[in-house]
1. Give me the angle, in degrees from 0 to 90, between the Cα long axis of helix 13-36 and the longest principal axis of the Cα atoms of the chain, rounded to the nearest 10.
2. Using a Debye calculation, one point per C-alpha and no hydration shell, please list log10 I(q)/I(0) for the stretch 93-260 at q = 0.15 Å⁻¹ in order.
3. If I model the stretch 45-140 as equal point scatterers sitting on the Cα atoms and use the Debye formula, what is log10 I(q)/I(0) at q = 0.24, 0.25 Å⁻¹?
4. Taking the convex hull of the Cα atoms, report for the chain its projected area averaged over all directions, in nm².
5. Over the Cα atoms of the stretch 242-316, what Rg and Dmax result, in angstrom?
6. Calculate for the chain the 222 nm mean residue ellipticity that helices alone would give, adding -39,500 (n - 2.57) per DSSP H run of length 4 or more and normalising by residue count, nearest 500 deg cm²/dmol.
7. Using Stokes-Einstein with the Kirkwood hydrodynamic radius over Cα pairs, what translational diffusion coefficient do you get for the stretch 222-273 at 4 °C and a viscosity of 1.567 mPa s, in µm²/s rounded to a whole number?
8. Which of 400, 237, 59 comes first, and how do the rest follow, when ranked by fewest Cβ neighbours within 10 Å?
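No lab work stands behind these numbers, since they all come straight from the coordinates. Since this is a predicted model, take the numbers as computed values, not measurements. Heads up, the Cβs are rebuilt from the backbone with ideal geometry, glycines too, and the neighbour counts pull from every protein chain shown.
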């Protein structure tokens, strides 16, 4: 006698179970495929945009017109505006004056690379002008108005939060080593000053890389460092320091032209994402001839006007030149428009680690991961922009770019 079928067989349990298992496997396979395909992963995000354009043809476009926080990819716009305004070979200037009381006065015009090695060149030039003694050092950074404060800059002591002043040494940062109660400079070319020692003693043991935090402290530090350099060269320097405009009766003694060209400044700015350099350029572009006084309002207006005239953008929002502010807004399409124009300066963009077929700029804020530049496909370069405004794995953007290059 044949046994009757089991009750759950009559209810269709096995076919339903099989379908369920197949569905789970299908979903698992799709999830694994998405995880393996970084482009598909981006397309599954609500707060992400991606555009790849090759010879004017859209290859991939996902929410490309949505304005998003660009983070440090904003530096591409600042770099382009500076290069188009002044040219690759432009060099910044700093003026030195002497007054009737034998004070040496320094007038800054936002040279972002007034580093220790450049101060050595300045001291040698002053010696050649016959300077053997100065009664004091005056420091004039009035080229920037009192309203200049960078949107998005925090009060941390990290180098990327350094104040931006029209007269600055070493990006308004200090590189120190503290051992017990002893502080020394971590750079042989940079003498230790009183301000540097005070910062070092306030910090922890070991190596310290910090910013000078406040405007007046940063400007005063230029005078301290210059005095140390002058003294080291055998020039007698009086103790007084003063942050003030150059006196009217003072006579210009020397105009220093930086040894670095603009291109030589922009390349490391993009590679190391130097906020200080980017915002110094951003502010200086408000007064490209170095005349008048820079205000933050004028700087924002100047960059916005440049963007509208050069690209026809009507909805761009620009609050700073480094991408520190979360109020900045650019779309992937606008970034690709910019990159298409940036082609003559593509050599200034660093190659992605381990992949020479990607040359691009990253951008990172909390909950923001961006990447924009070029990928080499079939022997030619194509422009791309990726803007993710939600938390993701930091490696995703590089995996996306590598996929685009393939």
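1. The answer is roughly 20 degrees.
2. Evaluating at q = 0.15 Å⁻¹ gives log10 I(q)/I(0) of -0.81.
3. With one equal scatterer per Cα and no solvent, log10 I(q)/I(0) is -1.28, -1.32.
4. 29.4 nm²
5. Expressed in Å, the Cα Rg and Dmax of the stretch 242-316 come to 16.0, 48.
6. -11000 deg cm²/dmol
7. My calculation gives 89 µm²/s for D.
8. 59, 237, 400
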